[in-house]
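See below for the structure under consideration.
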Amino acid sequence: MHTDSLYASTRRYQLSAPQLQQDIHCDVAIIGSGMTGISAALELAECGYNVAVLEAEELAWGASGRSGGQIIAGAGEDGASMLRLLGKDDARAAFQLSLEAIELIRERVKKYSIDCDLKSGQMEVAARPKHMPHLRDAAELMQNEFGYDIQILNAEQSAEKTGSDQYHGAVFDANGGHLHPMNYTLGLAKAAQSHGAQLFEHSAVTHIEYGNKVKLSTAKGSVTSDFLVIAANAYLGKLVPAISRYMMPVGSYICATQPLDESILPADCAVFDSRNLFSYFRKDGEGRLLWGGRTGLTDAYPKNLEAVMHKRMTAIYPQLAGVKF
Ligand SMILES: Cc1cc2nc3c(=O)[nH]c(=O)nc-3n(C[C@H](O)[C@H](O)[C@H](O)COP(=O)(O)OP(=O)(O)OC[C@H]3O[C@@H](n4cnc5c(N)ncnc54)[C@H](O)[C@@H]3O)c2cc1C
């Protein structure tokens with residue numbers, strides 16, 4: 001069952017995928033039905049490959065059905081780190097890949113009429129005055145090294161977009177955006193099914209046998225394939241020890257308000273702030289403010305989650321003091 005969330009209760013796709021109960025063969029087997037696995041399944045099925053996706057829980061059950069939904073150019077590392085780690089050519093190529101990924105989202109939403117509240121605009125806001133020089137440097141690097149069109153905003157311009165005077169400037173990317181991540185993933189899954197991809201829920205892979213062919217075992221069946229895509233994210237457990245040893249728990253949470261008027265976040269873009277343990281927010285298709293944060297290097301449920309998130313939200317939007325999550 002999906003976690004009891006706003007995303008699950010506003011899902012617009014009711015897809016049915018059976019449990020795997022036989023032994024099947026295909027070209028490519030995929031473990032995991034998040035954006036990674038389903039996106040690969042769609043791409044491969046569009047190219048005519050015979051694909052099977054095995055999901056331990058339900059389609060889009062993992063992070064792809066729970067994320068902040070922000071579409072952000074670049075990688076986890078900032079531009080300067082990418083240049084340092086990869087060198088100029090590879091850093092540019094990696095950055096370009098992220099732009100192609102954004103374009104691919106737009107293309108697929110259009111091509112398959114995916115109902116996921118896709119909106120444009122994304123910004124990083126300076127939570128403290130001393131953060132702005134770093135944001136400016138990072139934006140100028142993206143402009144100069146990657147030829148990327150990104151806007152540097154002063155405090156007043158940033159307030160016009162956010163509807164809050166609490167930030168000290170921002171970097172705005174009109175090419176970024178946000179969407180309902182579960183509906184996007186389920187929309188991709190529907191498209192993949194329409195191209196013949198076989199999707200199986202409640203079919204956890206318990207064993208992988210490597211050889212000329214790969215054989216995946218589940219409780220009630222198996223898949224033998226020429227190729228394997230492992231897209232199980234942090235839920236992989238110990239199935240692939242070579243990957244598991246690089247994993248660590250990171251928790252992050254999102255609270256939602258009732259639908260709000262346009263004075264809150266008038267630019268309707270996705271926002272995250274410049275703190276190390278940052279807050280991130282956006283308005284969903286119905287105008288609710290989705291406030292994310294409380295990120296920590298643990299999977300233990302944080303104490304006073306709602307109260308802490310409310311305090312952070314009202315520090316930016318004091319007028320929401322009476323609004324509950
Ligand atoms: C709170 C939060 C906010 C986030 N915000 C953003 C954001 O704003 N923007 C952004 O770009 N990213 C964000 N992320 C990260 C983003 O959600 C993930 O990077 C992305 O969804 C990963 O997709 P995935 O398909 O790789 O993994 P997942 O969506 O996690 O899917 C993996 C799937 O594999 C399945 N699985 C695992 N093991 C097995 C097995 N043995 N057999 C079968 N199935 C298995 C799981 O059940 C799961 O459904 C956020 C993440 C979180 C948690």
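The values are calculated or read from the model by the stated rules, or taken from the named source; none is laboratory data. Everything numeric in this text was worked out from a predicted model, so none of it was measured. Note that we place each Cβ from the backbone using ideal geometry, even for glycine, and neighbour counts take in every protein chain shown.
Key figures
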quantity: Strands (runs of 3 or more DSSP E) within the range 179-283 that include 2 or more residues small (Gly, Ala, Ser) and either within 10 Å of the ligand (Cβ to nearest atom) or in the same structural domain as residue 30 (by TED's automatic domain parsing) (or both); calculated: 222-230, 251-259
quantity: Tabulated pairs, the range 64-78, first closer than 13 Å to residue 105 by Cβ, second within 7 Å of the ligand (Cβ to nearest atom) and assigned to a loop (DSSP other than H, G, I, E, B), C-beta under 7 angstrom, 6+ apart or interchain; calculated: 64/34
quantity: Total residues in the range 235-289, condition surrounded by fewer than 21 Cβ atoms within 10 Å (Cβ to Cβ), within 23 Å of residue 72 (Cα to Cα) and among the basic types (Lys, Arg); calculated: 2
quantity: Neighbours by Cβ (under 6 Å, 6+ apart or cross-chain): first from the range 289-311, of a type in the set (Lys, Arg); second surrounded by 17 or more Cβ atoms within 10 Å (Cβ to Cβ); calculated: 294/253
quantity: Odd one out for residue 45 among (1) away from the ligand (no atom under 15 Å from the Cβ); (2) assigned to a loop (DSSP other than H, G, I, E, B); (3) assigned by TED's automatic domain parsing to the domain that holds residue 23; calculated: (2)
quantity: Residues located in the range 16-38, provided they are within 17 Å of residue 210 (Cβ to Cβ) and near the ligand (Cβ under 10 Å from one of its atoms); calculated: 30, 31
quantity: Residues of the range 72-92 classified as of a type in the set (Lys, Arg) and either touching a strand residue (DSSP E or B) at 6+ places or on another chain (Cβ under 8 Å) or surrounded by fewer than 16 Cβ atoms within 10 Å (Cβ to Cβ) (or both), total; calculated: 2
quantity: Enumeration of residues in the range 63-87 that are part of a loop (DSSP other than H, G, I, E, B) and near the ligand (Cβ under 10 Å from one of its atoms); calculated: 66, 67, 68, 69, 72, 76
quantity: Residue in the range 312-325 that is farthest from the chain's Cα centre (by Cα), counting only those that are touching a residue at least 24 places away in the same chain (Cβ under 8 Å) and under 27 Å from residue 169 (Cβ atoms); calculated: 319
quantity: In the range 3-15, the residues that are more than 15 Å from the ligand (Cβ to nearest atom), in contact with a helix residue (DSSP H, G or I) (Cβ under 8 Å, 6 or more places away or on another chain) and not hydroxyl-bearing (Ser, Thr, Tyr); calculated: 12
quantity: Test: residue in the range 59-68 that is in contact with a Leu (Cβ under 9 Å, 6 or more places away or on another chain), more than 22 Å from residue 100 (Cα to Cα) and of a type in the set (Phe, Trp, Tyr); calculated: no
quantity: Among the residues listed as 69, 37, 32, the single one being more than 20 Å from residue 232 (Cβ to Cβ) and surrounded by 24 or more Cβ atoms within 10 Å (Cβ to Cβ); calculated: 69
quantity: Answer from 112, 49 - the residue that is of a type in the set (Ser, Thr, Tyr), within 30 Å of residue 204 (Cβ to Cβ), free of Cβ contacts under 8 Å to residues at least 60 places away in the same chain and surrounded by 13 or more Cβ atoms within 10 Å (Cβ to Cβ); calculated: 49
quantity: Selected residue (only one of 56, 60 is within 11 Å of the ligand (Cβ to nearest atom), in a loop (DSSP other than H, G, I, E, B) and at positive phi); calculated: 60
quantity: Residue within the range 285-299 that is within 15 Å of the ligand (Cβ to nearest atom), touching a helix residue (DSSP H, G or I) at 6+ places or on another chain (Cβ under 7 Å), outside any strand (DSSP E or B) and not acidic (Asp, Glu) present; calculated: no
quantity: Residue ID - farthest from residue 5 (Cα to Cα), chosen from residues in the range 269-284 that are touching a helix residue (DSSP H, G or I) at 6+ places or on another chain (Cβ under 9 Å) and among the charged types (D, E, K, R); calculated: 275
quantity: Any hit, the range 88-105, residues being within 18 Å of the chain's Cα centre (by Cα), farther than 17 Å from residue 179 by Cβ, part of a loop (DSSP other than H, G, I, E, B) and within 16 Å of the ligand (Cβ to nearest atom); calculated: no
